[in-house]
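The values are calculated or read from the model by the stated rules, or taken from the named source; none is laboratory data. These numbers were taken from a predicted model, which means no experiment stands behind them. Cβ coordinates were reconstructed from backbone atoms using ideal geometry, including for glycine residues, and neighbour counts include every protein chain displayed.
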Amino acid sequence: MNIGFWLCGSLAVPFAVLGVVFAVLKERAAKLVSGFNSLPKEEQIRYDRAHISRDMRNQCFTWAAVMAAGAVLSYFLTPYMAVPAFVLWLVLFFKEVHFDAHKAFEKYLLK
């Protein structure tokens, strides 16, 4: 049993589904973003929801591609190819983590 294939493959699917949700719902999907949904309604109006949703869609599809590549490489080469896929995913994930919601969304402020 190839555990690397199954771990990467089982994460690629939900990331792809989330990417599709953000693509279909467009700016309405911005309320699914952690931190943005906790901002007051009058403050949420000041941000470009379409841009937030587009960025989240792109992130989810990127994460899905990384995990799918890890699954394919784990299947055909060695199960240990899942390790670099997870490391790359962690780097991409933590690059976008912010503990302050205002700092996280400052690039989406409407001008």
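Could you say whether any residue in the range 84-107 is of a type in the set (A, V, I, L, M, F, W, C), in contact (Cβ under 8 Å) with a residue 60 or more places away in the chain and assigned to a loop (DSSP other than H, G, I, E, B)? No, there is no match, as no residue in the range 84-107 is of a type in the set (A, V, I, L, M, F, W, C), in contact (Cβ under 8 Å) with a residue 60 or more places away in the chain and assigned to a loop (DSSP other than H, G, I, E, B). Being closer than 30 Å to Met1 by Cβ and either at pLDDT 95 or above or touching a His at 6+ places or on another chain (Cβ under 8 Å) (or both) is a description that applies to Pro14.
Rundown of residues vs (1) among the polar types (S, T, N, Q); (2) within 23 Å of His98 (Cα to Cα); (3) under 16 Å from the mean Cα position of the chain (by Cα), yes/no style:
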{"position": "Leu18", "(1), (2), (3)": "no, yes, yes"}
{"position": "Phe22", "(1), (2), (3)": "no, yes, yes"}
{"position": "Leu25", "(1), (2), (3)": "no, no, yes"}
{"position": "Val33", "(1), (2), (3)": "no, yes, yes"}
{"position": "Glu43", "(1), (2), (3)": "no, yes, no"}
{"position": "Asp48", "(1), (2), (3)": "no, yes, no"}
{"position": "Asp55", "(1), (2), (3)": "no, yes, yes"}
{"position": "Trp63", "(1), (2), (3)": "no, yes, yes"}
{"position": "Leu73", "(1), (2), (3)": "no, no, no"}
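Restricting attention to the range 5-62 and to residues that are outside any helix (DSSP H, G or I) and touching a residue at least 60 places away in the same chain (Cβ under 8 Å), the residue that is surrounded by the most Cβ atoms within 10 Å (Cβ to Cβ) turns out to be Phe36. Within the range 70-83, the residues that satisfy the criterion of being in contact (Cβ under 8 Å) with a residue 40 or more places away in the chain and touching a helix residue (DSSP H, G or I) at 6+ places or on another chain (Cβ under 7 Å) are Gly70, Ala71, Ser74, Tyr75, Pro79, Tyr80, Met81, Ala82.
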